[in-house]
Amino acid sequence: MGAAKARILVVEDEPALVELLTYNLERAGYETAVARDGEEAELMIAENKPDLVVLDWMLPYVSGMEICRRLRARAATRQLPIIILTARGEETDRVRGLEAGADDYVVKPFSPRELVARVSAILRRAQPGSDDEILSFDDVQMDMAAHRVTRDGRPVALGPTEFRLLHHFLSNPGRVFSREQLLNSVWGYDAAIEPRTVDVHIRRLRKALNTDGQADLIRTVRAAGYALDVE
Ligand code: CA
């Protein structure tokens, strides 16, 4: 990103909320763009990809959840950081948001300060490593410079959170991490996120890594957490 300002696309149809979001994001030093519905958002992203998308769940025509799924399904936007805004506080709804591919969610009403903190945390995490480090474990290889993961030589498509999660495991193979430790190291900010969030991302990481009946490299340690390990 360098000296250039990170650009945030706000996808929201309520004018008051758009104003609150753009005002606070710009005050925090970000450039903003606004889309009023999902279709407009997709066009804007195709024209000029933002650094992060703040996506409201409740949108006219197509839900934020569906837009999120579509963005994750395309190679060009698979890595695009997405924060979902939701009015629903139910845990199952939040988990659904993460399962649709969001990196984080913020429940309305939210404090602008909290939202800005999450945006900066995700952007910080999304910056690729500057070194040309290559990490490997068993048949998994992670090339930091190319931001690429392969298993047995074949490319593995990971979302930004799964990428960081795997990087953390590859940096500490065999070590067991509790959900709280993973939240601290991988998510990296102080927020009240449910430990269940970790489970959702572990599931996505496993799904991406273990195709064609390959051995599961992530060990679930009952009542303790997770580790990168082989049987
Ligand atoms: Ca809305």
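The values are calculated or read from the model by the stated rules, or taken from the named source; none is laboratory data. Since we're looking at a predicted model, the values are computed, not measured. Neighbour counts are summed over all protein chains in view; Cβ atoms, including those assigned to glycine, are modelled from backbone coordinates with ideal geometry. Heavy atoms of the whole protein, side chains included, go into the accessibility calculation; ligands, DNA and RNA do not. Shrake-Rupley method; radii C 1.70, N 1.55, O 1.52, S 1.80 Å.
General observations
One line per residue, one yes/no per condition, for (1) of a type in the set (Phe, Trp, Tyr); (2) loosely packed, with under 14 Cβ neighbours inside 10 Å; (3) at pLDDT 90 or above:
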| residue | (1), (2), (3) |
| --- | --- |
| 180 | no, yes, no |
| 186 | no, no, no |
| 190 | no, yes, no |
| 201 | no, no, yes |
| 207 | no, yes, yes |
| 212 | no, yes, no |
| 219 | no, no, yes |
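- Residue count, segment 69-128 (criterion: of a type outside the set (A, V, I, L, M), within 16 Å of the ligand (Cβ to nearest atom) and either touching a His at 6+ places or on another chain (Cβ under 9 Å) or modelled with pLDDT of 80 or more (or both)): 5
- Any chance residue 146 is small (Gly, Ala, Ser) and assigned to a loop (DSSP other than H, G, I, E, B): yes
- Any hit, segment 159-175, residues being modelled with pLDDT under 90, open to solvent by 10 Å² or more (accessible area, probe 1.4 Å) and of a type in the set (Lys, Arg): yes
- Every condition in (1) part of a strand (DSSP E or B); (2) touching a residue at least 40 places away in the same chain (Cβ under 8 Å); (3) not polar (S, T, N, Q) is met by residue 173 except one, and the failing one is (1).
- Filter pass, residue 51 being surrounded by 14 or more Cβ atoms within 10 Å (Cβ to Cβ) and within 16 Å of the ligand (Cβ to nearest atom): no
- Across segment 54-90, the number of residues qualifying as of a type in the set (Asp, Glu) and open to solvent by 10 Å² or more (accessible area, probe 1.4 Å) comes to 2.
- All of (1) on the phi < 0 side of the Ramachandran plot; (2) outside the structural domain of residue 13 (by TED's automatic domain parsing) hold for residue 138 with one exception: (1).
For every residue, the table says whether it meets (1) assigned by TED's automatic domain parsing to the domain that holds residue 196; (2) in contact (Cβ under 8 Å) with a residue 12 or more places away in the chain.
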residue	(1), (2)
64	no, yes
67	no, yes
74	no, no
85	no, yes
112	no, yes
149	yes, yes
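- Within segment 193-214, residues that are under 23 Å from residue 110 (Cβ atoms) reach partners that are of a type in the set (Ser, Thr, Tyr) and open to solvent by less than 50 Å² (accessible area, probe 1.4 Å) with beta carbons closer than 6 Å, at six or more positions or on different chains, in the pairs 201/161.
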